[in-house]
Amino acid sequence: MPPRPTLQVVGRWADADHYRLRDFLTRVAQPYEWLEAGSAQADRLLAERGLADAGLPVVIDGDEAHTAATVEALARAWGAFKRPSHSHYDFAVIGSGPAGLAAAVYAASDGLSTIVFDRDVPGGQTSYSSMIENFFGFPDGIGGAELARLAGRQAEKFGAELHFLTGVVGSRLGGKVDDAPILILEDGSEITASVVLAAPGMDWRRLDLEGIDELIGHGIYYGAGRSEALGCKGQSVIVVGAGNSAGQAVLHFADEGSQVTMLVRGDDLESSMSAYLIERIRAQPKIDVRVETQLTELHPNGDRVQAVTFADSSGKAERTETDGVFLCIGGTPHTEWCEREHVFTSEKGYIITGRDLVDEGKLPECWTLERDPFPLETSRAGLFAAGDVRHGSTKRVGSAVGEGTMASALVFRRLAELGVTA
């Protein structure tokens, strides 16, 4: 979806459904102006458009107005939901994070018919990053959503089809080992692909706290809260986590004027965060880093969080009021589908590939070919894995792009094996 001219959005900042829409627009790099419902500016705009009694949120898109707008309704209006153009593709990519988009760019540019599916928006967890400064070729940094948008445009330029907010829910194998797998889409339609790359990324790891589910979107957020920074200007926020995404989040909030308390379970930042982020955090007076400290209790006021309690390793607890809590605590691999698809995973759920499938010199019984698995190939021949879901990956944007690029090259080896000419 190419970016449109700046939208005007009228909604309620504290409403969870309105947050979901705001988060969606931020993560697809769509410029928008937020007008708080009930403000003079919002009332004037709605009156001018004859929408004074319209359901919120209202999205003004040029001459068109979307009332009671949802993510799905906007995406449908913008043409995001479309059927695949063909029934068969050389290469299908599941997931549009850095690994999936890189694979699509290089496969399509080399002439392979390529299709990409993602149940979420482009970029995966990278789309939550306010600024990536250690990615090759961008000395001034680039936002995660912008990186994903540009990569998606590049893939489409070479002919790849990108289908967002559309997932693959299952597959079937043909009667022969060389038959192309059938991919079953959410709408019930099916396609086949000679080679498939699984790059679905990670889901945010859930924090086990009483009452947290009811507060998601009401002051509690998974991710770095890029869409929330301006709304928290001058307020007090809590960021939980110690990885690069957490480091980017605390700096983004502090730069926008928030007072930030960073809760770190470990005893330092060095083991999980890039040095350049640590240096900036230590130099930022608006950031208070608490190591060996965990969030232990949430205190709501009505349907919104008002305060939290956290405790250090000695058990000393502290309660503080807050305007928002942002959970950047890493993720769990999106691999719950692997068991039904006979794809081997590690004890922690990451997909095992290549030589790691060999156990004491023996390949899995389900491996039907005489050759060993290619690098990045899973226990199902012709199904590759790349990015955060792969066992042994380094969980960095650069390495994910590298794996996606490598996977696109391996496609040709599999196609040659199948006797397919691209």
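So here's what we get for this one:
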item	result
For region 245-372, the fraction of alpha-carbon pairs in successive 5 Å shells from zero, as %	2, 8, 14, 14, 13, 10, 9, 9, 8, 6, 5, 2, 0
Accessible surface, per residue, of region 258-349 when the full set of protein chains is kept, probe 1.4 Å, Å²	56 Å²
Per residue accessible area in Å² of region 1-61, where ligands, DNA and RNA are left out and the probe is 1.4 Å	46 Å²
Relative contact order of region 7-144, defined on C-alpha pairs under 8 angstrom at six or more residues apart (%)	19 percent
Burial ranking of peptide ranges 207-220, 232-245 (average Cβ count within 10 Å, highest at the top)	232-245, 207-220
Relative contact order computed over region 308-380 (Cα-Cα under 8 Å; 6+ residues apart), in percent	23 percent
Overall Cα dimensions of the chain - principal axes, largest extent first, Å	66, 59, 41
Angle between the chain longest axis and helix 397-418 axis [Cα atoms, degrees, rounded to 10]	20 degrees
Highest to lowest packing among 27-33, 59-65, 311-317, scored as the average C-beta count within 10 Å	27-33, 59-65, 311-317
Relative contact order [Cα under 8 Å, 6+ residues apart], the chain, whole percent	15 percent
Ordering of 388-394, 293-299 by packing [mean C-beta count within 10 Å, highest first]	388-394, 293-299
Antiparallel content of DSSP bridges confined to region 291-415, in %, to 5	95 percent
0 to 90° range, to nearest 10: angle between helix 98-109 axis and the chain longest Cα axis	50 degrees
Projected label distance in nm at residue 189 and residue 355, using a 7 Å step from Cα toward the beta-carbon	4.3 nm
The chain - percent of accessible surface contributed by carbon and sulfur, probe 1.4 Å	48 percent
Projected label distance in nm at residue 275 and residue 54, using a 7 Å step from Cα toward the beta-carbon	5.3 nm
Efficiency of FRET from Cβ geometry, residue 172 and residue 303, R₀ 45 Å, rounded to 0.05	0.55
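The values are calculated or read from the model by the stated rules, or taken from the named source; none is laboratory data. Every value quoted in this text rests on a predicted model; they were computed, and no experiment measured them. Counting neighbours? That spans all protein chains shown, and the Cβs are built from the backbone with ideal geometry, glycine included. These area figures cover heavy atoms from the full protein model, side chains too; ligands, DNA and RNA do not enter into them. Shrake-Rupley method; radii C 1.70, N 1.55, O 1.52, S 1.80 Å.
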